[in-house]
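The values are calculated or read from the model by the stated rules, or taken from the named source; none is laboratory data. Here the structure is a predicted model, which is why all the values come from computation and not from measurement. Cβ coordinates were reconstructed from backbone atoms using ideal geometry, including for glycine residues, and neighbour counts include every protein chain displayed. Ligands, DNA and RNA are stripped out before the accessible areas are found, and what is left, the full protein with its side chains, is counted by its heavy atoms. Shrake-Rupley method; radii C 1.70, N 1.55, O 1.52, S 1.80 Å.
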Amino acid sequence: ALIAIRQGPDGPEAMGVSRYYLTLEDGEAEFALVVGDAFQRQGLGRHLLSRLIDVAREHGVKKLSGQVLRENVPMLRLTSSLGFGPPQQ
């Protein structure tokens, strides 16, 4: 898991998290990405997911996939721009 943190007025504040869960049997992993509402549309999601892809490659992940709601058009655009295929029916 990767987490983006900033120093807020009341201490550290999590801005977003990306993570993957690896299935050891087949070397495939499923990713998750969450960015706080106040930090969306600023490139943080792209940074976290891009870095997560790099980390997954470094650790030998053969396939990385994730589930995205059809209504989440910005996330679908992000994943598409990073090389993920179209949503499966």
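Quick look at the numbers
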item: Positions within the range 31-53 being open to solvent by 30 Å² or more (accessible area, probe 1.4 Å), under 12 Å from ILE3 (Cα atoms) and in contact with a Leu (Cβ under 7 Å, 6 or more places away or on another chain), in sequence order; result: LEU33, ARG51
item: The range 1-30 - residue that is touching a residue at least 24 places away in the same chain (Cβ under 8 Å) and closer than 14 Å to LYS62 by Cβ and, of those, most open to solvent (accessible area, probe 1.4 Å); result: GLU30
item: Test set (1) surrounded by fewer than 13 Cβ atoms within 10 Å (Cβ to Cβ); (2) touching an Asp or Glu at 6+ places or on another chain (Cβ under 8 Å); (3) aliphatic (A, V, I, L, M) - VAL61 fails condition number; result: (1)
item: Condition check for PRO74: over 14 Å from ALA1 (Cβ atoms), open to solvent by 40 Å² or more (accessible area, probe 1.4 Å) and part of a loop (DSSP other than H, G, I, E, B); result: no
